[in-house]
1. Got at least one residue in segment 258-281 being surrounded by fewer than 21 Cβ atoms within 10 Å (Cβ to Cβ), closer than 24 Å to Ile125 by Cβ and among the acidic types (Asp, Glu)?
2. Could you identify the single residue in Lys58, Lys54 that is modelled with pLDDT of 80 or more, touching a Phe, Trp or Tyr at 6+ places or on another chain (Cβ under 8 Å) and among the basic types (Lys, Arg)?
3. Would you call Tyr335 under 18 Å from Arg390 (Cβ atoms), hydroxyl-bearing (Ser, Thr, Tyr) and either touching a Phe, Trp or Tyr at 6+ places or on another chain (Cβ under 6 Å) or at pLDDT 85 or above (or both)?
4. For the condition within 30 Å of Ile387 (Cα to Cα) and assigned to a helix (DSSP H, G or I), what is the one hit in Glu258, Glu294, Glu275?
5. Looking at Asp239, Asp285, which is the one that is closer than 24 Å to Ala318 by Cβ, surrounded by fewer than 20 Cβ atoms within 10 Å (Cβ to Cβ) and acidic (Asp, Glu)?
6. Would you call Glu207 open to solvent by 30 Å² or more (accessible area, probe 1.4 Å), more than 24 Å from Lys181 (Cβ to Cβ), acidic (Asp, Glu) and out of contact with any Phe, Trp or Tyr (no Cβ under 9 Å at 6 or more places or on another chain)?
7. For segment 299-340, give me the residue count where each residue is buried (at least 18 other Cβ atoms within 10 Å of the Cβ) and not in a helix (DSSP H, G or I).
8. Condition first: in a helix (DSSP H, G or I) and either under 15 Å from Thr177 (Cα atoms) or among the basic types (Lys, Arg) (or both). Now tell me which residues in segment 229-243 satisfy that.
Amino acid sequence: MKVATTDEMGRILALYMKQNNDSQEILSAIYPYLNADPQTEIPFDMSELKEYAKEFRKSFPEYSFEMSMVTQMLAYFLTEAQEDSDDEEFDETKEIITAYMSDMMDYCKIYNVKSFHNNPFIRNISFKEQENEDYKLCYQYMRPYELGAYGLPERVPASIIDIVKLGCFTQKVKFPTLCPKNKEDDRLIGVDPMTIFTNESYIKNTEGKVLVLGCRMGYFAYMASLRKKVESVTIIERDTSIIDLFQSAILPFFEHKEKIEIINADPIEYLRNVEDGKFDYCFVDLCADLCDIESYFAAKEIGRQWNKTQIEYREERAFAAVIATQVMLEISRLYCHDGGEDDSLEFLFLESTDLERKVYRYACKLFKNENIETPEQFVNVLEPENIISRIDQTQIIFDEV
């Protein structure tokens, strides 16, 4: 990669580095309080919060009462964050969140309770709570105005900040959940607004013979099976405990059980043996966080060779954003050292995992031949869609980096 060392490039790079830091500060401050443990009561007085919201509306009448309540919840998060950090650190976080509060509110949602209850899965899948050795199938709750993420962070072009998409109900709502019994496993596999919103666009693309990598609670498979265009849905799941609960407690409620086949196998190994065109559509739902990025690349390296089967990946944009951050670090290294190839940012990763280092090296290799001479080219390189397109076109193998 080559990077122009002009003053103009330096200004845009400094801006992006600051905004990236601001994004991380916002995420770190807010995520610990987002419906993290549905069994834990949030220690605030709701009636007091409502009074604060009424006072807030006097100064900001453009906000509805519900949105005013959301602002007070965010203020509550800031108070909690203050207790967990020193004064200087808290002041910086508060300043950042305050600066982007308007952008955050633009992306907030007040969920429609009736619409949620009318979702076909929520309405028709009504299991009895049960458990096996590894999981508990149960119902969890979102309390009134309890905030949760409904989608991946969205980059706002005007401010170049990754905004957390937050939403809440105005009354208590339950949702089905598959909870790991291993206390070290903090995954919460549920059919909540996040699941519904992030799957919506992919479900609309299903047709013919559908392959789903990863079962979870069967939400995607169920919604796909309802479509007239869908002939069959084959689910590949490696965890027999998930399969057992799905088959005994959830599958019996499917209106089109005849369309469903579930296979106990390693999804990636299964995918390697699938001939292009055997399925019309494939949905990869194996990934939850950075630890799963290897599964994403393994599936991607197979899928990008296909021409007949459409394949999509639920967390693809999130991984593209991770790679964008690593590309920005490489651009910073080249700019600061005037393009010197011998200098490295490896010192930034002294406390990082081998996987994080590997992602950095992959990002560098992906854009090895890029020539960035203008701020416009710099911005273009970091766009998630452009990174996904680059991954689609490359022959780089992640495991070989």
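1. Yes.
2. Values: Lys58 fails: touching a Phe, Trp or Tyr at 6+ places or on another chain (Cβ under 8 Å).
Answer to the check: Lys54.
3. Working: under 18 Å from Arg390 (Cβ atoms): no; hydroxyl-bearing (Ser, Thr, Tyr): yes; either touching a Phe, Trp or Tyr at 6+ places or on another chain (Cβ under 6 Å) or at pLDDT 85 or above (or both): yes.
Here the answer is no, as Tyr335 does not meet what is asked.
4. Numbers: Glu258 fails: within 30 Å of Ile387 (Cα to Cα); Glu275 fails: assigned to a helix (DSSP H, G or I).
The match here is Glu294.
5. Working: Asp285 fails: surrounded by fewer than 20 Cβ atoms within 10 Å (Cβ to Cβ).
Going through Asp239, Asp285 in turn, the sole match is Asp239.
6. Details: open to solvent by 30 Å² or more (accessible area, probe 1.4 Å): yes; more than 24 Å from Lys181 (Cβ to Cβ): yes; acidic (Asp, Glu): yes; out of contact with any Phe, Trp or Tyr (no Cβ under 9 Å at 6 or more places or on another chain): no.
No: the conditions fail for Glu207.
7. Counting residues in segment 299-340 that are buried (at least 18 other Cβ atoms within 10 Å of the Cβ) and not in a helix (DSSP H, G or I) gives 5.
8. Step one: filter segment 229-243 for residues in a helix (DSSP H, G or I), giving 240-243.
The answer is Ser241, Ile242, Ile243.
The values are calculated or read from the model by the stated rules, or taken from the named source; none is laboratory data. Values in this document were obtained by computation on a predicted structure and should not be read as measured data. Glycine gets a Cβ as well: all are built from the backbone with ideal geometry, and neighbour counts include every protein chain shown. Keep in mind that these areas ignore ligands, DNA and RNA; they rest on the heavy atoms of the full protein, side chains included. Shrake-Rupley method; radii C 1.70, N 1.55, O 1.52, S 1.80 Å.
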